[in-house]
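Below is one structure; the comments refer to it alone.
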Amino acid sequence: MLLITHLRPALVSMGLFTLLCGGLYPLATTGIVQGLFADKAKGSLIRDGQTVIGSRLIGQNFTQPGYLWGRLSATGPAPYNAGASSGSNYGVNNPALVTAAQGRIEALGVTGPVPVDLITASGSGLDPHISPAAAEIQVPRIASARGVTPEQVRAAIHAATEGRSFGILGEPRVNVLEVNLRLDGKIK
């Protein structure tokens, strides 16, 4: 009898908190988020008609000269593999970092200073954004490969550039997938 007296409050508390924390709270927060931020709650998907092309939140691998290139992704076996996301940069004392950076600079085909976000991988390996400077340095290559004016490429970049969050947090950034879809005429 004494055991039941002590055990019952513990079991009732466990059941109550399981219901609250494992059921009601997740349902309430999911409902609120889907109501207030429906697009973001569903993955910020970009569609071409009914076909999902990608997400504004996960980068894609572009290597053709007529496309804007994003940050390097060291996820494996394929770039931008969300299942293999992890820290991906070499340490500053690792010669492999210098070799990888030099290879990327050669692939970009630019002279002069190159923004660091074009020659190093991100912490997650999934970044969909690059800096405006990293986008601008690629304009001549893209314009030449597509046979368009640099101003047309810059217009697509400008349209896909986001400012600082709340006007103060972070840095301006360019969504690589959005620029490339604008250049292809798939989004306006």
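Table for the structure above
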{"read-out": "Matching residues, region 57-99, being of a type in the set (A, V, I, L, M) and either under 30 Å from G185 (Cα atoms) or surrounded by 14 or more Cβ atoms within 10 Å (Cβ to Cβ) (or both)", "value": "L57, I58, L68, L72, A74, A78, A82, A84, L97"}
{"read-out": "Qualifying residue in region 92-112 (condition: in contact with a helix residue (DSSP H, G or I) (Cβ under 9 Å, 6 or more places away or on another chain), modelled with pLDDT of 80 or more and on the phi > 0 side of the Ramachandran plot)", "value": "yes"}
{"read-out": "Only listed residue being in the same structural domain as R71 (by TED's automatic domain parsing), out of contact with any strand residue (DSSP E or B) (no Cβ under 6 Å at 6 or more places or on another chain) and under 24 Å from Y90 (Cβ atoms), chosen from G123, G170", "value": "G123"}
{"read-out": "Residue list for region 1-26, restricted to those being part of a helix (DSSP H, G or I), exposed (fewer than 10 other Cβ atoms within 10 Å of the Cβ) and of a type in the set (A, V, I, L, M)", "value": "L2, L3, I4, A10"}
{"read-out": "Residue satisfying all of: in region 34-90; among the hydrophobic types (A, V, I, L, M, F, W, C) and part of a helix (DSSP H, G or I); farthest from the chain's Cα centre (by Cα) among these", "value": "L36"}
{"read-out": "So Y90, is it within 26 Å of A160 (Cα to Cα) and either touching a residue at least 60 places away in the same chain (Cβ under 8 Å) or in the same structural domain as N175 (by TED's automatic domain parsing) (or both)", "value": "no"}
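Residues are listed down the side, and each one gets a yes or a no for (1) among the small types (G, A, S); (2) out of contact with any helix residue (DSSP H, G or I) (no Cβ under 9 Å at 6 or more places or on another chain); (3) at pLDDT below 85; (4) closer than 30 Å to N175 by Cα:
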site: L11; (1), (2), (3), (4): no, yes, no, no
site: L20; (1), (2), (3), (4): no, yes, no, no
site: L24; (1), (2), (3), (4): no, yes, no, no
site: L27; (1), (2), (3), (4): no, yes, no, no
site: V33; (1), (2), (3), (4): no, no, no, yes
site: A38; (1), (2), (3), (4): yes, yes, yes, yes
site: G49; (1), (2), (3), (4): yes, yes, yes, yes
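The values are calculated or read from the model by the stated rules, or taken from the named source; none is laboratory data. On a predicted model such as this, the values are computed, not experimentally measured, just so you know. Here Cβ is always computed from backbone atoms with ideal geometry, including for glycine, and neighbour counts include all displayed protein chains.
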